[in-house]
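Okay, so here's the structure we're looking at.
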Amino acid sequence: GEVPEAKKDEDGNLYFDLEPVNVHPKSGDTTQRRISVTKFNDKIFVNIREFYENPNKQMKPGRKGISLPVDQWNLLMQLAGQVNQEVQAMQGAQAQ
């Protein structure tokens with residue numbers, strides 16, 4: 001797919017939209033998944049989180065998501081190739 005454009009949130013943190021904004025057909029709730037880089041208590045985190053639209057039409061972080069400290073993010077990046085190989089193998093098995 002197309003690589004999303006980098007954006008900045010109201011605190012100046014870099015983020016990328018992982019999907020278009022979703023509107024739930026029954027509840028009308030608006031959500032979107034994002035990946036961002038933030039700093040909290042002098043520690044850097046990579047966040048993959050679902051955002052929701054509040055009544056003021058602002059996108060706010062929800063409870064669903066994970067914040068990875070840099071060491072765990074680096075390990076995830078080291079494992080990405082192996083994980084991707086397994087995903088491709090499973091997709092190949094599904095196609096048959």
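The values are calculated or read from the model by the stated rules, or taken from the named source; none is laboratory data. Predicted model only: the values in this text are computed from it and were never measured. Quick reminder, even Gly has a Cβ in these numbers, built from the backbone with ideal geometry, and neighbours come from all protein chains shown. To get the accessible areas, we keep the full protein, side chains included, count just its heavy atoms, and leave off ligands, DNA and RNA. Shrake-Rupley method; radii C 1.70, N 1.55, O 1.52, S 1.80 Å.
The figures follow:
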quantity: Inter-probe distance in nm under a simple model that places probes 7 Å from Cα toward Cβ, at GLU2 and ASN74; calculated: 3.5 nm
quantity: Expected 222 nm ellipticity per residue - DSSP helices of 4 or more, -39500 (n - 2.57), all of the chain, to 500; calculated: -9500 deg cm²/dmol
quantity: Most fluctuating residue given options VAL21, VAL70, VAL83, as computed from a GNM of the chain linking Cα atoms under 10 Å; calculated: VAL83
quantity: Candidate residues LEU76, LEU18: accessible-area rank, largest first, probe 1.4 Å; calculated: LEU18, LEU76
quantity: Net length gained if the chain between SER27 and ALA93 were fully extended (0.36 nm per residue, minus Cα distance); calculated: 20.1 nm
quantity: Whole-angstrom gap from the range 73-88 to the range 1-55, using each part's C-alpha centre; calculated: 22 Å
quantity: Heavy-atom surface of the chain, accessible at 1.4 Å and reported per residue (Å²); calculated: 81 Å²
quantity: At most 10 other Cβ within 10 Å, DSSP loop - trypsin sites (Lys or Arg not before Pro), the range 1-61; calculated: LYS26, LYS57
quantity: Structure-derived P(r) over Cα pairs in 10 Å bins from 0, in percent: which label, when the choices are (i) 13, 36, 32, 16, 2; (ii) 15, 46, 32, 6, 0; (iii) 14, 30, 27, 20, 8, 1; calculated: (i)
quantity: Contact order normalised by residue count of the chain, Cα under 8 Å, 6+ apart, percent; calculated: 15 percent
quantity: Accessible area of the chain belonging to carbon and sulfur atoms, whole % at 1.4 Å probe; calculated: 53 percent
